[in-house]
Amino acid sequence: MKQNHTELLLQLISESTLQDSLFTNSPDGILILDHTGVLVCANPAIRHMTGYHFEELYIFTESHLQTCRTIQPLQNAISQALSGTASTLEMETVHKNRSKIWLQMTFTPIQHTGEVIGIYVICRDITSQKIMEQQIRQSEKDFRLISEYSLDFISRHMADKEASYLYASPACKTILGYEPEDMLGKSAYDFFHPDDIQVVTRYLEQMLNRESAYTVSYRMRAKAGHYLWIESTGRYSYNEQTGEIEEIIAVSRDITDRKKAERQLKESEQRYKSLFEYNPASVYSFDWEGNYTSSNSNLALLLGYPLEQIMKMSFHDIIVPDKIEDTNRHFEAARSGIPQNYETTVVHSSGKMIDISVINVPIIVDSEIVGVYGIASDVTERKEYIRKLEKLDYEHDLILSSVSEGIFGLNKDGKVMFTNPATLSMLGFSQSEFKGHYSHHIINPSAPGGVPYSIEECPICATIRDGIPRSVKEGIFWKKNGSSCLVEYNINPIIVNEQTQGAVIVFRDITNEREVLRQKELAEQAASAKSDFLAMMSHEIRTPMNGVLGMTNLLLDTDLNETQRDYAGIIRNSGTSLMRILNDVLDFSKIEAGKFSLEPEEFDLEVLVEHVAELFTPAAMEKKLDLSWYVSPGLPRKIVADPDRLRQILSNLVGNAIKFTDKGTIGIIVDKLYEDSDKKQLMLEFLVEDTGVGIAEDKKNLLFQSFSQLHPALNRKYGGTGLGLSICKKLIELMGGTIHVESRENIGSIFRFILPCSWLGTEQIAEEETEQIAAMDLEWINHDELDVSDLSILIAEDHPVNQQLLEDIIRKFGCQVDTVSNGVEAYAAIVRHHYDLVFMDIQMPMMDGIAVSNLIQQLLPPEARPTIVAVTANVGSDIQAECLRSGMLDVIGKPIHPTEIRRVLVEQQNRQQTAQNNHLHP
């Protein structure tokens, strides 16, 4: 039956049109297999593809199939075709010339009367395609290897305005810290430094108009948040068929270190330029032939020629003829690599001769000497001075005898030729013991440490040897009695006929100067230590006193019997007196140490006077005194001065008036003495009047002296240090004013002080506002006037007594309060819970209050930051300024007074109400 199929197939082939031009001329090879898979026919194209004639074809012989590595796919394709299913197979085979070729073979069944009797095999040579695919795969492999192992960051971007990442090589992690997937799909502009966006945009626009790639430098943000300098080389890729831009290819590298090096080089160049341009000496350079190549402006001043003309000259043009040979010798030595220091003479453009001291050093580039640097200084005057010394006579001896500096001259052997009386007096030698002797062994010149110089190291001997002037700021000469003296001395060579014949030494004893400086430094250190001690003691004393006074006030606000109330009142009065003494001593010490600074600012004069009067109203009412104040109409409402110091002065004077007045009146008056409207300058007069005990005429001179007490009995009764008026006087004088007193014993006193100040605005005090009678409720807390119960408050205080005091005072106003004991707890509490107000102690364990405030300003958003009020025993201006710089809004001192707490609560309530109104009515 199979034989019949083969015969039928051959018959069909012979009868069909397969032998026509289509079969013969087809570019594709055509094979015909019988129903057993045996080749029975092939067209000529097969020979062109494989090199074999039909009779030589063995590709489908059984022996070939048995050894072919593609036997299984080939057998499968033949079996599918014989079963009636067409298939396609790509197969690698060998050309007759032993080269490898790739064929794409399509197997199609040949059917007759519904039965498969053979197979068409259409063959197409796809060798070129396979080679191209292999090249593409190799190219992709090479690109992958390059991009993955390259130290440079290779990236592909969309060619649009965002330049989004299509590919990022692994180097992005090494350079920027990002994983490649972190960057894919993101715009490159998301990573650029804002200041460099225009640079990159302009680069991309210019890259369109260039055929070759070029580089651009810019900054990119690393994953850690900092910026790195990046240099990128990029170009567009284009579609080969349409010519349209497809994407951007970029290769980038980290050049941060290079940028730093460039900046350091630039700074170095700037430093060199500054040294060159601003050197007080003439600085210049020569080429190999001695022609000027650069110079600063001082050389033009020295020679009198314009710099442009000097740049066309050689040093041969300016040196006097008899110095040319010597100068050439020094120049040749410098050109051979040996630095030179010598003196020569040049001719000024006016024809005048100028003696100069010259330093020449070689200019070395890459180990090769390319020129010579020069530094020249005019020594004409010094040379003239030395020439005069060479002609010393009787008149010069008189001059030498009249100067206070020690002067002596040495010959070239180092022996003393002449000296002046000052030298002998300072060193303790007689003329015969000094003159004619070897100076090095007599005075033993030494370094500041006291170790004598050897002859080789001695500056004096060195000048005699090389003729170079020297100056020693601090040295030691030894006296005849074996003691030493600290001296400053200059050594100038004596030159005769261009030969060094000795030296002249001019010195002065600076031992006493150094001792004065040392004593001054010791005094300053002592003053500083005293100030630090007082500040520390102030804090240490104020802290327990804060507890004593605060708790006493709270105790007096409870139900006490009459005896208990008397005892508590005595404790409060004694504590207040102690605090007043402490404040006076501290202020006095600050003034004495020169650390009391003024802080002028604009303030309401009338309000300040009123506050002072209110402060002393309770004490006045207790003694049944009339306390009044008056500010002259027409004065500026706001003036510029130091309000704290003015308040301190008035408080001191009014406090003294109340202390020494048992009946009658006390008045505060402010008036104008002088006004300059154009400059807005004022001279104000302040008066504090009382009807007290007065001051005897013979004691007025003691009034403003430190620690003076004119009424010992009253001082023992009321307390005091005798420093109050002394401090007032010093403060007024610091502010540029004066103070004096008018007083009659048993009649009363008037303290009058005058202060200069200025003003900024035009608002004046109205007539109807000028006279007030200060009045104040003696109860220190009026609960009916204040409702601050909605405030959320935190106390940060490490002292248990002060914690309890603050808590009790604040709770009396109806507020809820939390308390912590150190800075770390304070910060944690503020982060966890929103507080409107924080009372922050400055000195706490683990973290101080200022550090907590700084941390809050840095890490918390504005809406989460509470108002912070510093609570400190050290109320100096430096501490207050540091608190305000850290973000605190206010500072209150210890001992804590309820009125201060009340003021802070009212101000916070007003701030929140203002903020709420602004929110409702923007």
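Considering only alpha-carbon pairs that sit under 8 angstrom and 6 or more positions apart, the relative contact order computed for the range 323-463 is 12 percent.
Give the shape of the range 133-261 as rounded, prolate or oblate, defined through the alpha-carbon gyration tensor: a ≥ b ≥ c are the square roots of its eigenvalues, a/c under 1.5 means rounded, and otherwise the shape is prolate if a/b is larger than b/c and oblate if not. It comes out oblate by the Cα gyration axes.
With the convex hull constructed from alpha-carbon coordinates only, the range 219-345 shows a mean projected area of 15.5 nm² over all directions.
May I ask for the percentage of alpha-carbon pairs in the range 161-237 that lie more than 14 Å from each other? So the pairs more than 14 Å apart make up 63 percent of the total in the range 161-237. The Kirkwood hydrodynamic radius of the range 606-670, based on inverse pair distances between different Cα atoms, is 12.4 Å. Legend: Rg and Dmax of the range 403-570, from Cα coordinates, 32.1, 108 Å. Annotation: amide H of VAL487 within the under-5 Å range of GLY475, ILE476, PHE477, ILE510, sequence separation 5 or more or interchain, hydrogens built in the peptide plane.
Footprinting exposure proxy ranking of TYR342, TYR165, TYR238, fewest other C-beta atoms within 10 angstrom first, gives TYR238, TYR342, TYR165.
Per-residue packing, averaged as other Cβ atoms within 10 Å, sorts the ranges 437-449, 840-852, 116-128 into the order 840-852, 116-128, 437-449, beginning with the highest. If I take R0 = 51 Å and measure r between the Cβ atoms of ASP257 and SER430 in this structure, what FRET efficiency does the formula 1/(1 + (r/R0)^6) give, to the nearest 0.05? The value I calculate is 0.15. According to the Cα-based calculation, Rg over Rh for the range 404-478 is 0.93, with Rh computed by the Kirkwood formula. Around the amide H of ASP890, modelled in the peptide plane, lie the amide H atoms of ALA870, all under 5 Å away and 5 or more residues distant in sequence or on another chain. Residues PHE107, PHE276 in ascending order of nearby Cβ atoms (within 10 Å, fewest first): PHE276, PHE107.
Assuming a ≥ b ≥ c are the square roots of the Cα gyration tensor eigenvalues, decide whether the range 792-918 counts as rounded (a/c under 1.5), prolate (otherwise, with a/b larger than b/c) or oblate. Cα axes put the range 792-918 in the rounded bin. When only alpha carbons are used to place a centre, the range 436-502 and the range 633-657 end up 64 Å from one another.
Considering all different alpha carbon pairs of the range 279-383, the Kirkwood hydrodynamic radius works out to 13.7 Å. Taking amide H as placed 1.01 Å from N in the peptide plane, SER758 has its amide H under 5 Å from the amide H of VAL640, LEU682, each at least 5 places away in sequence or on another chain.
A short reminder: the numbers here are calculations on the coordinates, not readings from a lab. Treat the numbers as computed from the prediction; the structure is a model and nothing was measured. Please note: Cβ atoms are built from the backbone with ideal geometry, for glycine as well, and neighbour counts cover all protein chains shown.
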